[in-house]
Amino acid sequence: MHLKVNDESLEVAVDAERTLLSVLRHELGLMGTKYGCGEGNCGACTVLIDGEATRSCITPVTSAGGREITTIEGLANGDELHPVQEAFVEHTAFQCAYCTSGFIMSSAALLDRNPSPSDAQIQSALSGHICRCGAYGRILKAVKSASGEGGAE
Amino acid sequence: MTTETTKGKYNVIGTRPIRHDGYDKVTGRAIYGADIKLPALLQGAVLRSPHAHARIKSIDTSAAKALPGVSAVITSADFPGAHDTLIDLGEGAINFRYASNNVMAGDKVLYKGHPVAAVAALDKNTALEAAALIKVDYEVLKPVSTVMEALKPGAPIVLEDLEGQDLGEKIDGQTNQANHIRHEFGDVEKGFAEADIVIEHEFDTAMVHQGYIEPHNATATWDEEGRVTIWTSTQGSFPTRRQTAGILRLPDSSVKVIPLEIGGGFGGKIPSYLEPVAAILSRETGRPVKLLMERTSVFESTGPTPGTWMSAKVGVKNDGTITAATADLRFDAGAYPGSPVGAGMMCVFSCYDIPNTRIDGYDVVVNKPKTAAYRAPGATQAAYAMETVVDEICQKLGMDPLEFRIKNAAKEGTRRADGPIHPIIGAVETHEAAKASDHWNTPLEKNGSDGKLRGRGVASGYWFNIGLKSAVTISVNEDGTVALTEGSTDIGGSRASIAMMAAEVLGIPAEEVRPHVADSEGIGYTDVTGGSRTTYATGYAAHDAAQDVVVQLRERAAKLWDVEVDEIEFANGSYQSKSDPELRLSHKELASKLGSTGGPVIGSASVDPEGAGGAYSTQICDIEIDPETGKTDVIRYTIVQDVGTAIHPSYVEGQMQGAVAQCIGWALNEEYFLNDDGAMVNSSFLDYRMPTSLDLPEIETIIVEVPNPGHPFGVRGVGEVPIVPGVATVANAIHDALGIRLRTTPMNAGSILAALKAKK
């Protein structure tokens, strides 16, 4: 089938019942997207499909066919990191960082549709993600600083 | 709110540089255990018990072996049978034989999820299909799930060969009581007789899980020379090496562990689960084999922290002086002995100076997964009992709870109830800082919106911290940067804190230290990233290794200038001659001359420091409860903690905040919910609910620095004590809001509604 991932058009031969996460990781080698629960509860596997934050672990690969898929590896603009990526580093918005790709993808999707979100809007957009290291406050600050509000600390 | 820390005293310590692995972690480049790929890699699957307690009558693997694409099917018969030897893993000990039975069940399964067989196949789906074809004939036995049931006469026996101990005496006959130990000091009967008020209560806490988001994983090869290589996410390469070697009956040196990035552990990634299984599958197939755990199995089969039954009794005089205290801590160890009850006993009274104490601790096996360390293992449960009793005493006395704690605080020279004398500690300073906090001095409006009820709680906790072994080498590059090699896997930013301590000694910026986590053959023995020991002990080694570099660079400068080494002084990052001020080179300038003065300089150090200073945390929590639904919202939370010296304050605050997030989940929601058959029925993130961004307020941090004399920079462990008082803090806030004491966790909406109904 045909997949468009990180601006590249690809032909992959995969079983229709496989998840997008499995295909991204095992067929395309895009290991930045993580498995956490396989049930869409933790958010670690979040990618963008046509700009929408989507749980790749419960998305059949067939439903992503022909649509624009962006993973953490494709978020930067050439050498220039996405502002959310920079902000996560600057605000120490992670400890183990296993959940970080997912948080960054959802944050990028949020800022894309709402460049100046309120704290409540950020928290709501990220409420489907679990960070067991408990970096939520720092993640909020990072997203805020990457937003139109800029460095709102 | 953040506090300024050691600013001014040091150049690098106390600053907040970007972590060295920061960009790898936001670009998806960092390689975690599940990301490893090897040529000819096979995928594995593990078949697990559906029963909490059953005898395995037979296992038929023939259909699985016959499935096309299957390379090997193994059971416990393929394991060598490990020796009956107890080994210390740094934070908790295990017996190799039990550890082997835990990774692959022998004649009995002891909990739902206990592995019974494993498969290696060309792909994951084939492996799963084959696992489903394995026929296991079970004789289902009655399970026992709680400590108090397990201690009853006639209870189902979990381990038929367990030799139970009671106060040093062997127990006759079969038992689930692995051990009963006691610490006794003074005369508690006399102490209670002197008291004006004596309060005693009993508590039950539910088993909870560490909840790391990255599931366990292991990839292994077993080569022709009998050497095993493991790629995994672990809190310690060397402890993983020791466990794997012990279970496989190989010398430690025949196993090499390559640690990859680790997605959280909190103590739960100290035990090995998949490593020995992947190794045996590789031995059977001659190919590398990868095993990845599913979320359900993480809950059902890997180390949670114990459920407990506890009682605590405290006597005080009317002036607020504690005269005596006793505690009875009964912890479920899970299926094999080794709960952290000993650590709970070390901590339960250690915030206080109490003249008469007795602490009983029971380690009890039950049909639940073998418990593992979870952030200050055992201390959070113990503090829940002690600190809620103390809260009630303060209320009875009409005494400010922080004043009470300051009056009775442990100090330098106080004897801890289990024996050791406290060195310099910061219990008083921590409580004073809490008393001075904005949170404590801002009155809480007791009536919330829409009839909600508000309350404020306060509680304190202690954790002893540990030292243990760490090794570091530092290699000086000709451009002046240094490569720092350590054995501590980096769970939460320790590369940065370790590098900063080396940078401080060498007089260079943190960015010019390149930290690297080596495999078990690339660095000297290093214990787990756990026990709040990494920044303390590995930092100690980094300090000493950097000192070794300085010694060698002084020799190079002496050689360069043809003077005696004693002539060379090192200060502020520069090497200079004492007699000739013209002779002066910065670290960087001297580094550029190494090639012509004898070649590379490599400093090294291996340490086993004894002076890990204990740490205190005091926490203040405001909550709002909806009496209609029983739902509790945490609306403000402040954590105060003595950290000794904050090396990287952002990561110190991060540890404090993260621990609070975990203990709020523990207090209000989290539990292993078992059905009548003893099987966990909420083994998903949907049903085992951990806090998200909507469940937590901003967690305010106040760093207190009472430098630890047992560390060159005064570091105390930071990661564990912040969870200790949390559950008690929330419980005390619930009491303040409702006038109800909840002595069972979780204190969820259902239990709050039931308590409100019972009160009416």
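The values are calculated or read from the model by the stated rules, or taken from the named source; none is laboratory data. Just so we're clear, the structure is a prediction, and the values are computed from it rather than from any experiment. So basically every Cβ, Gly included, is an ideal-geometry build from the backbone, and we count neighbours across all protein chains shown.
A few comments on the model shown:
- Test: residue in region B:453-463 that is in contact with a Phe, Trp or Tyr (Cβ under 6 Å, 6 or more places away or on another chain) and at pLDDT 95 or above: yes
- Residues of region B:122-143 satisfying the condition of being among the β-branched types (Val, Ile, Thr) and under 19 Å from A:Asp15 (Cβ atoms): B:Thr126
- Some residue of region B:249-261 being closer than 20 Å to B:Ser684 by Cα and in contact with a strand residue (DSSP E or B) (Cβ under 8 Å, 6 or more places away or on another chain): no
- Here B:Leu167 does not qualify as more than 14 Å from chain A (Cβ to nearest Cβ), touching a Ser or Thr at 6+ places or on another chain (Cβ under 9 Å), surrounded by fewer than 24 Cβ atoms within 10 Å (Cβ to Cβ) and not small (Gly, Ala, Ser).
- In region B:636-663, the residue that is surrounded by the most Cβ atoms within 10 Å (Cβ to Cβ) out of those that are in a strand (DSSP E or B) and within 14 Å of chain A (Cβ to nearest Cβ) is B:Ile639.
- Flag if B:Tyr111 is buried (at least 19 other Cβ atoms within 10 Å of the Cβ), assigned to a loop (DSSP other than H, G, I, E, B) and more than 14 Å from chain A (Cβ to nearest Cβ): yes
- Restricting region A:69-110 to residues that are surrounded by 24 or more Cβ atoms within 10 Å (Cβ to Cβ), within 9 Å of the chain's Cα centre (by Cα) and free of Cβ contacts under 8 Å to residues at least 40 places away in the same chain, the residue that is farthest from the other protein chains (Cβ to nearest Cβ): A:Ser107
- Note on region B:253-282: among residues that are hydrophobic (A, V, I, L, M, F, W, C) and within 14 Å of chain A (Cβ to nearest Cβ), the one that is surrounded by the fewest Cβ atoms within 10 Å (Cβ to Cβ) is B:Leu260.
- Residues that are surrounded by fewer than 19 Cβ atoms within 10 Å (Cβ to Cβ) and either closer than 14 Å to B:Pro115 by Cα or within 7 Å of chain A (Cβ to nearest Cβ) (or both), drawn from region B:36-57: B:Pro50, B:Arg55
- For region B:664-687, a residue qualifies if it is farther than 24 Å from B:Asn732 by Cα and crowded, with 19+ Cβ neighbours inside 10 Å, and the qualifying residues are B:Leu674, B:Gly678, B:Ala679, B:Met680, B:Ser683, B:Phe685.
- Checklist (1) surrounded by 22 or more Cβ atoms within 10 Å (Cβ to Cβ); (2) more than 14 Å from chain A (Cβ to nearest Cβ); (3) closer than 29 Å to B:Gly264 by Cα; (4) of a type in the set (Val, Ile, Thr) applied to B:Val26, failing item: (2)
- Exactly one residue among B:Thr701, B:Thr692 is in contact with a helix residue (DSSP H, G or I) (Cβ under 9 Å, 6 or more places away or on another chain), buried (at least 21 other Cβ atoms within 10 Å of the Cβ) and of a type outside the set (D, E, K, R), and that residue is B:Thr701.
- The one condition in (1) surrounded by fewer than 23 Cβ atoms within 10 Å (Cβ to Cβ); (2) part of a loop (DSSP other than H, G, I, E, B); (3) out of contact with any His (no Cβ under 8 Å at 6 or more places or on another chain) that A:Lys34 fails to fulfil: (1)
- For B:Glu478, the requirement of being assigned to a loop (DSSP other than H, G, I, E, B), assigned by TED's automatic domain parsing to the domain that holds B:Ser574 and more than 24 Å from B:Gly268 (Cβ to Cβ) is met.
- Remark: pairs (first residue in region B:76-89, more than 20 Å from B:Ile59 (Cβ to Cβ); second residue of a type in the set (Val, Ile, Thr) and part of a loop (DSSP other than H, G, I, E, B); Cβ separation under 9 Å; 6+ apart in sequence or on different chains) = B:Leu89/B:Ile270; B:Leu89/B:Val528.
- Among the residues of region B:33-75, those identified as out of contact with any Pro (no Cβ under 9 Å at 6 or more places or on another chain) and in a helix (DSSP H, G or I) are B:Asp35, B:Ser62, B:Ala63, B:Ala64, B:Lys65, B:Ala66.
- Matching residues in region B:447-469 - criterion: being in contact with a helix residue (DSSP H, G or I) (Cβ under 8 Å, 6 or more places away or on another chain) and either small (Gly, Ala, Ser) or closer than 18 Å to B:Ala733 by Cα (or both): B:Leu453, B:Arg454, B:Gly455, B:Arg456, B:Gly457, B:Val458, B:Ala459, B:Ser460, B:Gly461, B:Gly467
- Entirely in region B:544-610, the strands (runs of 3 or more DSSP E) that have 2 or more residues that are within 19 Å of B:Met500 (Cβ to Cβ) and either in contact with a Cys (Cβ under 9 Å, 6 or more places away or on another chain) or aliphatic (A, V, I, L, M) (or both): B:602-607
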